[in-house]
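The values are calculated or read from the model by the stated rules, or taken from the named source; none is laboratory data. Here the structure is a predicted model, which means the values were calculated and not measured. Here the Cβ positions follow ideal geometry from the backbone for every residue, glycine too, while neighbour counts run over all protein chains shown. Ligands, DNA and RNA are stripped out before the accessible areas are found, and what is left, the full protein with its side chains, is counted by its heavy atoms. Shrake-Rupley method; radii C 1.70, N 1.55, O 1.52, S 1.80 Å.
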Amino acid sequence: MASHRPWFRSYPPDAPRTLEPYPRISVFGMLEASARKYPRATAIAWFGRKLTFSELFAETERCSAALAGLGVGRGDRVALVMPNCPQYLIAYYATMRLGAIVVGNNPLYTKREMEFQLRDSGAKVAIVLDLLHHDFADVFKTVGLEPVVVARLNDYMSFPKRQLAPIVKFRKTQRSQGKPWPPVPKGARVLWWEAWMNAAGAVPLAAQVDPETEPAGFIYTGGTTGVSKGAMLSHRNLVANAMQGASYLSIGEGNEALLGSLPFFHSFGMLVMNVAILRAGKLIPIPNPRDLHLVMEEIDKEKPTFVPGVPRFFAALNDSPLATKLDLRSVTASISGAAPLPAAVAEKFAQITHGAVLVEGYGLTEASPVTHANPLKGVRKVGSIGLPMPDTDCRIVDLDDPDRELAAGERGELCVKGPQVMLGYWNRPEETALSIRNGWLHTGDVATMDEDGYFRIVDRLKEMIIVSGFNVYPNEVEDALYRHPKIVKAAVIGVPDERTGEAVKAFVVLKEGEHATPQEILDWARDPGNGLTAYRVPKQLEIRESLPETMIGKVLRRVLTEEERRRASATSARG
């Protein structure tokens, strides 16, 4: 079997090639095992308060009783509308203890997006942060989810932060955003977390789920490609991916501390949470990763050893004035995903942490999510997503003939197969059939594999631009634009063109304090010395203050494309 997996030749010596057989446990089983083995170890560090694994386990059991009191049982869906906080973990594992299904919802959703996901998932109960209640109160009422359970960020804080946080920080933040204080009006149909937990009945028996066939969570995906779809991730999917990531990245047991700055409702953040619980590590939840002062202070105070993130997050840490003032030497390893990692960002991060290794990885929600990563020990190829995880098979297939596998160096669609690949999309059998064919998950990403088994993402299949019959991959044009000394962000899309079918249009954000004209940048791009052949040079360029992004920093090219379509329609109507 190993003969067709060239990546094994590049594996670091301590990385296992397989983890089979995987334990037949639920996601809750990971918490149960760690609490039994490390009851006194810190599970959560929350603004000065430490919850041990024994305490987290007890709170999870109590929460499962409270959920059962609301009628939640096997197969029911529980919606979590919260940033990273202790209640998210407690409700997450409690839901899975009952054999119910967690639905993570982005707190930054619009009302329309939130209503769609709550209706589509068929959520039976919603747990929401008090500071977010005002944003979605109408939605909860419309979809019939009242009363909702309301949690507060200070519920698990220690004195005096528990008393001071709402007065000093939360009230100021709410009012600055034009939101009411208190955030939940008197008389609102809600169940307050603490009272709800205290009123819980007897703890029910944990459900004996089938880890291979029963969903543990729905993670909605499609924000960068189209209609949002719920990826059904089984207990086996999530347990396997936690084991794959922890083993490949050499995350130790009982002695690690992981920074939880990636949102837990996102598949990458959920994996970090599961890895911390699997390995009995200390998890440091960060409710607002954009508060860099908070992030840096928590790193300095709680001493994480492993820091996962996205390129934008690491770049912000590098540029923070606190980077040279605080002690960041506890960090020994980090992994970046969701977007290409610039080499300069990894090098600067190594400097501010005095040697931490930052590598690029790759994943997608449908694969729980991680499938590839550069090794922490061994050869790290800049610009590549690295090697497949243990027990993950990969192949590159022809874009026109998906049944034909391509040789090393050829460009085609990346397909993956492994224990982390989803069950399918919730209530979308046709889309599932298009995505998973003959056991292979078609990622929609165009990639290459070199002779050493390292993979490189070229672009998204659906975002490829065809100019006069030539394929133009937006990433390649964006990479060139990023080399311009005045550009800090770039995004490229295809727009209709009468002569060439499609033309390349670029959107750029200039570095702070810089000035340039679109023509100046276009002239720079036309210089062959800057890496773009003629048909790949942008025909149009727009300078903007910002670009539309997901919460974790991935540019939404789809939004730019839709804006161009609307603009073209308006122009046509006027003409």
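The table below gives the values:
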item: Residues of the stretch 520-575 that turn out to be within 30 Å of GLY269 (Cβ to Cβ), in a helix (DSSP H, G or I) and out of contact with any Phe, Trp or Tyr (no Cβ under 7 Å at 6 or more places or on another chain), as a count; result: 6
item: Output for the stretch 102-131, where each listed residue is modelled with pLDDT of 95 or more, surrounded by fewer than 22 Cβ atoms within 10 Å (Cβ to Cβ) and either out of contact with any strand residue (DSSP E or B) (no Cβ under 9 Å at 6 or more places or on another chain) or more than 15 Å from SER228 (Cα to Cα) (or both); result: ARG119, LYS124
item: Residue tally, condition of a type in the set (Lys, Arg) and out of contact with any Asp or Glu (no Cβ under 9 Å at 6 or more places or on another chain), over the stretch 387-423; result: 1
item: Residues of the stretch 474-483 classified as open to solvent by less than 10 Å² (accessible area, probe 1.4 Å) and either aliphatic (A, V, I, L, M) or part of a loop (DSSP other than H, G, I, E, B) (or both), total; result: 3
item: All positions within the stretch 420-465 that are over 30 Å from TYR11 (Cα atoms), open to solvent by less than 30 Å² (accessible area, probe 1.4 Å) and among the hydrophobic types (A, V, I, L, M, F, W, C); result: ILE465
item: Residues located in the stretch 190-213, provided they are over 21 Å from TYR88 (Cα atoms) and surrounded by 11 or more Cβ atoms within 10 Å (Cβ to Cβ); result: VAL209, ASP210, PRO211, GLU212
item: Considering residues of the stretch 494-513 that are surrounded by 12 or more Cβ atoms within 10 Å (Cβ to Cβ) and part of a loop (DSSP other than H, G, I, E, B) only, the residue modelled with the lowest pLDDT; result: THR500
item: Single condition TRP7 does not satisfy, out of (1) open to solvent by 30 Å² or more (accessible area, probe 1.4 Å); (2) under 30 Å from ARG456 (Cβ atoms); (3) of a type in the set (A, V, I, L, M, F, W, C); result: (1)
item: Test for ALA407: is it buried (at least 19 other Cβ atoms within 10 Å of the Cβ) and not charged (D, E, K, R); result: no
item: Positions within the stretch 299-331 being assigned to a helix (DSSP H, G or I), in contact (Cβ under 8 Å) with a residue 40 or more places away in the chain and charged (D, E, K, R), in sequence order; result: GLU302, ARG312
item: Spans of helices (runs of 4 or more DSSP H) in the stretch 59-152 with at least 3 residues more than 30 Å from ARG171 (Cα to Cα); result: 86-97, 111-121
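Okay, residues lined up against (1) of a type in the set (D, E, K, R); (2) free of Cβ contacts under 8 Å to residues at least 40 places away in the same chain; (3) open to solvent by 10 Å² or more (accessible area, probe 1.4 Å):
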site: ALA58; (1), (2), (3): no, yes, yes
site: GLU61; (1), (2), (3): yes, no, yes
site: GLY69; (1), (2), (3): no, no, yes
site: ARG74; (1), (2), (3): yes, no, yes
site: TYR92; (1), (2), (3): no, no, no
site: ARG152; (1), (2), (3): yes, no, yes
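Rundown of residues vs (1) touching a Cys at 6+ places or on another chain (Cβ under 9 Å); (2) open to solvent by 50 Å² or more (accessible area, probe 1.4 Å), yes/no style:
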| site | (1), (2) |
| --- | --- |
| GLN351 | no, yes |
| HIS354 | no, yes |
| VAL357 | no, no |
| GLU360 | no, no |
| THR365 | no, no |
| PRO369 | no, no |
| GLY383 | no, no |
| CYS394 | yes, no |
